[in-house]
Amino acid sequence: MQQEIEKRLLWLKGLTIEEYYEAFGDAEQWLQDLEQSILPKQEDGDETAALCEKLTQELSVYPVWMKIHLLSFCMKCSGEVTYAEWLMQEILDADYDILGEYNKYFLYWQMSSSIFENTKLQSDTVDLGRTSLYRELYDAFCQALHMERFSYIPLEERNQDLVFLFTAQFLTENHAPTKTACDRAYILQKYLGRQVVIINTAMMIPQKGDMPFYDRKRGEYLPDYRSIRQFSFRGEQFGFFQCEDQMPDLNTIQMLLQKVEEEKPYCIVSIGEGDLCADLCGRIVPQIAIGTVFSQAAVTMARYQVIGNELQASDYRKLQILGTAPENVKKTLFTFTFKKQEHHLKRTELGLPERGVILLITGWRLGNEAGNEFLRMLERAVWREDSMEAVFMGLFEGYEKVMEGFPHLLAKSHYFPYQEDALAVTECCDIYVNPKRKGGGSSSAEALFMGLPVVTLPVGDVAAAAGEKFWVKDYGEMENRICRYCQDKEFYEEMSALARRRAEALTDSKTHFCEIFREMEQRPDFR
């Protein structure tokens, strides 16, 4: 294998950028075959480490597009943060004459997606690198669009009845960021008296600037929304516009800039981060950003941010790069809206035991998020408590293969892929158990709403949503807390009642979002 690898690397190294792009399919297949060859040996990591070292030992002499391709492979296969940091630096250092703005924006989103899915790849170095890259790209697009032509519109010239709500992706009510966008639009229009226009910029993991990157991600897009001009949610009608799936497109961005300039909305509310289109429009009128990973400061050039946690040291460094004043970042309880529950199921209808305790682990990236340490903890817990079983709901790629390494857990587990009525399944469970990850806030709020106590480490959106009473310090304490819920009925009932009270606050957007919006619009620089 060593000779074959050396031969392949020598061939790839000699290709021009055009030739490498043409050969990308073959190169990607070769790397996929290499990954498959080491999968059975990944438990000890030696085989993976040796392969990654071989692929990168002469990295300094490879062209930049080949460096990025190989490092993204090593990052994905090894799960080592060292490769994520190395790759982030190579992207930052790459000459714009070789990798242009569209390429780097594509890479910004590929890196963002990769580190979001795998907590082992997360570090301050990577996060600050992403932030620096985004700031560079924002400045470059400002220059390309000649943003000096667009002046800030003062309060007295703005239409105080009109708000534009930007979102980088707009799907269905099963999609948490879409629910957040709809909920905030509803509150703005129903309770704050603003006419809301929802604009889907389609900037979430765009494919423009596509270049070699291992295991590339693609943003989901619903083309049917291109033909609608009104969107209905809970009895309210909103203006609606969706960009074509070819962003970032300078002509489209300029069209939206002109729309803002002509219609003069009171402000922009943007959902998520990394949305160049929303942030550029936010130069003309005030912009309030609501990050979908609400437990930390978002990567956005918005003048104002709303987050669900106190600012940490890493947040301050990020805000410094973005040029955002920390006093413009406001903490408030992040609130949720749920898709209406359509069914009430019995456990037996789901193949679950009528008696006993059911753990719920849910998410769309469980193959990455439910790592070996977490699964070992669950296996110990179900071993200790014979009446306990586990439900994995959402998407768990390679579920059966992964669970072969945890035979006792597998025997007491159930895998429910995509569920149209997630609340109906949640209602049949007893405890929501959260692996270490950034996301999961929406599903944990649904669990609390159903009276399920949450067990989570003190990191990420689930921790911010649930509150400190549901935190544990590590997986050892998580195991003990789960078992205590099984053994101590009084404690369980106490925490179940607390969960329902917490859910009341988490679903009260009318109070929390209205308060923070009114507070921000009183700031002198909002005018």
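The values are calculated or read from the model by the stated rules, or taken from the named source; none is laboratory data. Note that the structure is predicted; figures quoted are calculated from it, not measured. Note that we place each Cβ from the backbone using ideal geometry, even for glycine, and neighbour counts take in every protein chain shown.
Counting only helices (runs of 4 or more DSSP H) wholly contained in segment 470-521, the ones carrying 1 or more residues that are under 30 Å from residue 193 (Cβ atoms) occupy 489-506, 509-521.
Tell me, which residue of segment 349-368 that is of a type outside the set (A, V, I, L, M, F, W, C) and closer than 22 Å to residue 436 by Cβ is modelled with the lowest pLDDT?
Taking segment 349-368 first, the residues of a type outside the set (A, V, I, L, M, F, W, C) are 349, 351, 353-356, 362-363, 365, 367-368.
If we keep only those that are closer than 22 Å to residue 436 by Cβ too, we end up with 362-363, 365, 367-368.
Values: 362: 95, 363: 92, 365: 88, 367: 89, 368: 85.
Filtering first and then ranking leaves 368.
Among residues of segment 154-171 that are assigned by TED's automatic domain parsing to the domain that holds residue 272 and within 22 Å of residue 290 (Cα to Cα), those with a beta-carbon under 8 Å from a residue that is surrounded by fewer than 18 Cβ atoms within 10 Å (Cβ to Cβ) and of a type in the set (A, V, I, L, M) at least six positions away or on a different chain give the pairs 170/222; 171/222.
Scanning segment 410-451 for residues that are of a type in the set (S, T, N, Q), outside any helix (DSSP H, G or I) and closer than 17 Å to residue 175 by Cβ yields a single hit, 419. Within segment 496-510, the residues that satisfy the criterion of being in contact with a Phe, Trp or Tyr (Cβ under 7 Å, 6 or more places away or on another chain) and buried (at least 17 other Cβ atoms within 10 Å of the Cβ) are 503, 506, 507. Among the residues of segment 66-87, is there at least one that is over 21 Å from residue 117 (Cα atoms) and of a type in the set (S, T, N, Q)? The answer is no, given that none of the residues of segment 66-87 is over 21 Å from residue 117 (Cα atoms) and of a type in the set (S, T, N, Q). Candidates 23, 27, 49: the one that is under 29 Å from residue 124 (Cβ atoms) and outside the structural domain of residue 402 (by TED's automatic domain parsing) is 49. Per the listing 135, 130, 158, the residue uniquely on the phi < 0 side of the Ramachandran plot, at pLDDT 95 or above and in contact with a strand residue (DSSP E or B) (Cβ under 7 Å, 6 or more places away or on another chain) is 158.
Would you tally the residues in segment 124-144 being under 16 Å from residue 91 (Cα atoms) and not β-branched (Val, Ile, Thr)? Number of matching residues: 12. The set of residues in segment 76-92 that are within 17 Å of residue 133 (Cβ to Cβ) and acidic (Asp, Glu) comprises 85, 90. Filtering segment 1-15 to residues that are outside any helix (DSSP H, G or I) and either more than 13 Å from residue 212 (Cβ to Cβ) or basic (Lys, Arg) (or both) leaves 1, 14. When residue 317 is tested against (1) assigned by TED's automatic domain parsing to the domain that holds residue 430; (2) within 24 Å of the chain's Cα centre (by Cα); (3) charged (D, E, K, R), exactly one condition is not met: (1). Is there a residue in segment 128-137 that is outside any helix (DSSP H, G or I) and crowded, with 17+ Cβ neighbours inside 10 Å? No - not one qualifying residue is present in segment 128-137. Restricting attention to segment 159-183, the residues being surrounded by fewer than 20 Cβ atoms within 10 Å (Cβ to Cβ) and in a loop (DSSP other than H, G, I, E, B) number 5.
Out of 34, 70, report the one residue that is farther than 27 Å from residue 314 by Cα, in a helix (DSSP H, G or I) and modelled with pLDDT under 95. Walk me through how you get there before you give the answer.
Values: 70 fails: modelled with pLDDT under 95.
Unique residue meeting the criteria: 34.
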